[in-house]
Structure formats: C-alpha cells, structure tokens
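Take this structure, written in structure tokens, and hold onto it; I'll ask about it next.
The values are calculated or read from the model by the stated rules, or taken from the named source; none is laboratory data. Just so we're clear, the structure is a prediction, and the values are computed from it rather than from any experiment. Here the Cβ positions follow ideal geometry from the backbone for every residue, glycine too, while neighbour counts run over all protein chains shown. Just so you know, the surface numbers come from the protein's heavy atoms only, side chains and all, with ligands and any DNA or RNA stripped out. Shrake-Rupley method; radii C 1.70, N 1.55, O 1.52, S 1.80 Å.
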Amino acid sequence: MALSLANAWIDEQVLKAQGSETESSLVKIKDLFQRKLWHQLSIVLDEFIKLPLFDEGSYLVQLYGNFLRHFEDRINPLKLVLMLIRIVKQFPDPAEKINFLKTALEKQPQKTEAAILLQTTIGHTELEANNVQETKVILEQTGEALNRLTGVDPTVYASFYLLNSAYNKVKGFIDTYYRNTFLYLQYVPLEAIPLNQQRSIAFDLSVCALISEEVYSFGEILGHPIIKSLEGTDQSWISELLLSFNSGDIATYDRLVQQYQAQLAANSLLVQNAKLMNQKVAIMSLMELIFNRKADDRVIHFSDVSSTTNTPLINVELLLMRALSLKLIKGVIDQVDQTINVSWVQPRTLNLEQVGQMKSRLSGWREKVKNLQDFMSTETTDLLN
C-alpha cells in the first residue's frame, strides 16, 4: 500500500515536470523506484535533493512525506540521514525541525553512525534555538558513542566537531573552540564549505589564536588554506597581525595596532585581551631572540631581553618565568648575574627568513664537524707515528 502511494505521487510529479529542468531526474527516479533498485535510487535522489532550485520552498518536505518515507527503511541509513539533513532545512520553525529529526532518530538503531549524525543535527538546531543545555547533553552522548565506534564516516565526525565548535563559541570557551574547529576542518573538504563561512571561520580562528593563553605556535593556522579566504577582504588585516606574532616582530605589531586601530576597537574580544596580546607578542619576541642565538650562545642577559621585547627591565624576570611556566622554553635564571641560560625553545613553524638562518647554522655546524674531523685525523696520525 505504501509503495503504491509513493508510485502514484512520483507518476504525478513526472507529469507536472514535463518540459522543466527536473523532468529527466524525476523520470530516472521513477524508473529506479519501480525497478526497486534502492541503492541506485538513493544516489539519484541525493543528487536531486542537492539541486540549487530546492534551496528555498517546501518541495523537499513534500517529496519526503509523499515519497521517500514509504521506502526509507530500504536505503542505506547514513545516506538517508544526509538527505534528511537537507530536507529539514525547508522547515521554517526550529521546533518543527527538531520534531522531524527526533522522529527520524526513533527509527534508527541507537549509537550507530546514522543515529549520531541525526543527534548532532538536532544539536545544531537546538543551539540555533538557543537551547544550550540540550546541546551540551547531545555532545556528551554523541562523544561517548563515537569513542566506541571504529571506521566512522568523516561526515559524522565533521558534524560532531562542528557542533562542538559552535557550542564552545557560544559559551566563550576560546581554546576548546580553536581545537574543535581545526578537528572539523580535518574531516571536511574546504571546497565543501561556502566561501562566506570559510571567511567567518578563518577570522574567528585568527582571533582565538591571538588571545588564547594556550596558542603560541601559529604555524597551524597560517599554514591552513582557509586563511587564504581572507585575502582581498576587509578582514585581511588580522592575517598581518598573525604574521607579526609568528615572527615575534614587535615593531611591526605596534605599527599594525596603530594602522588598524578602528578594526581592533570594533572587536570586543581583542579589546578585552589587549594586555594578553602584548604579553604574547613579547614572549614570541623572546623566543625569536633565543632562536637567533647559536646553541653555544644561549646565556642571555636581562638587558638584551628587555631591549628586544620592549619590556621594562624590572619586568623581564616575570616575562621569563611566564615563558618557562608555559613550557615554551627551558632554562635556568640567574638572579644575581641577571641572565637566563636557555637549554631549549619550543619548535615552531619557520618563515623563509628563519629557514635561511637555520640553513646558515647547519652549514656552520657542518664546517665545525669537518674541522674537528680533520684535527682528530691529524692528531691520531701523529700519535700512531
């Protein structure tokens, strides 16, 4: 009976679509349905639902209610859920969306990929409706379920991490937002993200990198292609700030702060964390100072740190202690001689100039090794003789 109703509806749609751009697709859908080729039908339906002409209106809701729901149990569950996610966008009311998705969830075995994807989609809708606590519960449930599964489809992970990212953004948890957003980007092709959304993500990540108390390596964000989405926009200035942080260039940072004063003042997070940003760029300048020293020249006087980082001499020790506590450097402070003996500095992404410096050092080290080898060879020969 159900299949008969679906057959009657698709017959009607094919007649109505004669001469339109959807006619060929509907004819193919009707043919595959009548031949009960469910897998092939799901592929064609999925492509049909993605057509731009369905970005608005309620046709997909009708397609589900009159056609798809009559044989949805014969389609791959994950493929079905992906179609439902596009269909549910045509419901105008968040409550209707949630009810639709919860009804679909009841039909799926729990703790499967399809169920988790439905739950995270419900979570996105709950968050849009400002139901933050419900979103938190969903994240806890889906996170636990995902930990128990193996071979999970990337789409499921992408939805989970995107929800996690959105939740942490609403809550103002900067560091967890930063981590989860990059995890999301690992599971979704960049070209699958609309350009305006790419720019929004790139800007938000950049702000987080600047004000996070955990992020002192900017290679991940500067090296990610999403940052290029800001090029040529009125938000490209934040990429310049990131570059000045990465190289520990305080002079450039100060110049950019003056140049983009209006843009900085318009962002409340950057205004609130201006003091932290100044400290961070000073620490990055300290790391650059250490990096530029040879391995046998790592005893640095406080006065050198002060002049390089634009830090008053009286505050240099606090700056060094902060860098040590963050495990960005390792070393021993000598309060009497006002020096620090640095034994290690955190590795980070290098720009071309820094790579050139590293190359020069390696060449110098190779020359020293060669000289030592020649010396040992000569001395050993004399001893044997």
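Using Cα-Cα distances under 8 Å and only pairs 6 or more residues apart, what relative contact order does region 37-106 have, in percent?
Details: 35 pairs, mean separation 27.2, N = 70.
Worked out over region 37-106, it gives 39 percent.
Also, quick follow-up: Note the angle between two axes, namely the Cα long axis of helix 352-384 and the longest principal axis of the Cα atoms of the chain, as a number of degrees from 0 to 90, rounded to the nearest 10.
It is inclined by approximately 50 degrees.
Take the alpha carbon gyration tensor of region 196-272, find the square roots of its eigenvalues, order them as a ≥ b ≥ c, and report rounded if a/c is under 1.5; if not, report prolate when a/b exceeds b/c, else oblate.
Here region 196-272 falls in the rounded category.
How high is the relative contact order of region 105-230, given as a whole-number percent (alpha carbon pairs under 8 Å, six or more residues apart)?
19
Okay, moving on. By per-residue mean of other Cβ atoms within 10 Å, what is the highest-first order of 308-314, 116-122, 372-378? Kindly include the intermediate steps, with their values, before the conclusion.
Details: 308-314: 15.7, 116-122: 26.0, 372-378: 9.9.
So the order, starting with the most tightly packed, is 116-122, 308-314, 372-378.
Give the cross-link partners of K16 among the aspartates and glutamates, using a straight C-alpha distance below 18 Å as the criterion and excluding same-chain residues fewer than 8 apart.
Result set, ordered by chain and number: D31.
If you find the alpha carbon centre of region 186-250 and of region 70-95, how far apart are they in angstrom?
Region 186-250 and region 70-95 have Cα centres separated by 34 Å.
Sorting check: for 294-305, 219-230, 239-250, which peptide has the highest mean count of neighbouring beta carbons within 10 Å, and how do the rest follow?
Working: 294-305: 14.2, 219-230: 16.2, 239-250: 20.1.
The peptides rank, most packed first, as 239-250, 219-230, 294-305.
Name the lysines eligible as straight-distance cross-link partners of K102: C-alpha to C-alpha under 21 Å, and not fewer than 8 places from it in the same chain.
Result set, ordered by chain and number: K79, K89, K111, K136.
Between beta-carbons, use under 12 Å as the cut-off and find the net charge around F67, counting Lys and Arg +1, Asp and Glu -1.
Net of charged neighbours comes to -1.
OK, next. Lysines within cross-link reach of K228: Cα-Cα under 26 Å, excluding same-chain residues under 8 positions apart?
Within reach: K169, K280.
Same structure, new question: Probe radius 1.4 Å, ligands and nucleic acids ignored: give me the carbon and sulfur share of the accessible area of the chain as a rounded percent.
Here carbon and sulfur together make up 53 percent of the probe-accessible area.
If I model a spin label at L195 and W344 as a point 7 Å from the Cα along the Cα→Cβ vector, what separation in nanometres do I get?
Taking the two extended label points, one gets 4.6 nm.
Return the loop-located trypsin sites (Lys or Arg not before Pro) in region 99-139 (DSSP other than H, G, I, E, B) with at most 15 other Cβ atoms within 10 Å of their own Cβ; answer none if there are none. Provide the component values of the computation, followed by the final result.
Details: sites: K102, K107, K111, K136; in loops: K107, K111.
Those satisfying the criteria are K107, K111.
Over the chain, with the other protein chains present, what is the accessible area per residue in square angstrom, probe 1.4 angstrom? Display every interim value, and only then the final one.
Working: 20890 Å² over 385 residues.
Accessible area per residue, the chain: 54 Å².
Okay, moving on. Hey, what's the Cα Rg ratio for region 171-318 versus the globular rule of thumb, 2.2 N^0.38 Å?
Scaled against compact globular proteins, the figure is 1.13.
To continue, here is another question. Let me make sure I get this right: for region 63-124, a, b and c are the square roots of the gyration tensor eigenvalues over alpha carbons, sorted descending. Under 1.5 in a/c it's rounded, otherwise prolate if a/b > b/c, else oblate. Which is it?
Judged from the Cα gyration tensor, region 63-124 comes out oblate (a/c at least 1.5, b/c at or above a/b).
If one takes the longest principal axis of the Cα atoms in the chain, at what angle in degrees, from 0 to 90 and to the nearest 10, does the Cα axis of helix 132-147 lie?
The angle comes out near 80 degrees.
Express in nm, to one decimal, how much length is gained between K171 and A8 on full extension, taking 0.36 nm for each residue of separation and deducting their alpha carbon distance.
53.8 nm
In deg cm²/dmol, rounded to 500, what helix-only [θ] at 222 nm does the chain give when every DSSP H run of at least 4 residues adds -39500 (n - 2.57) and the total is split over its residues?
My calculation for the chain gives -21000 deg cm²/dmol from helical runs alone.
Also, quick follow-up: Relative contact order, percent, of the chain when contacts are C-alpha pairs under 8 Å separated by at least 6 residues?
Across the chain, relative contact order equals 8 percent.
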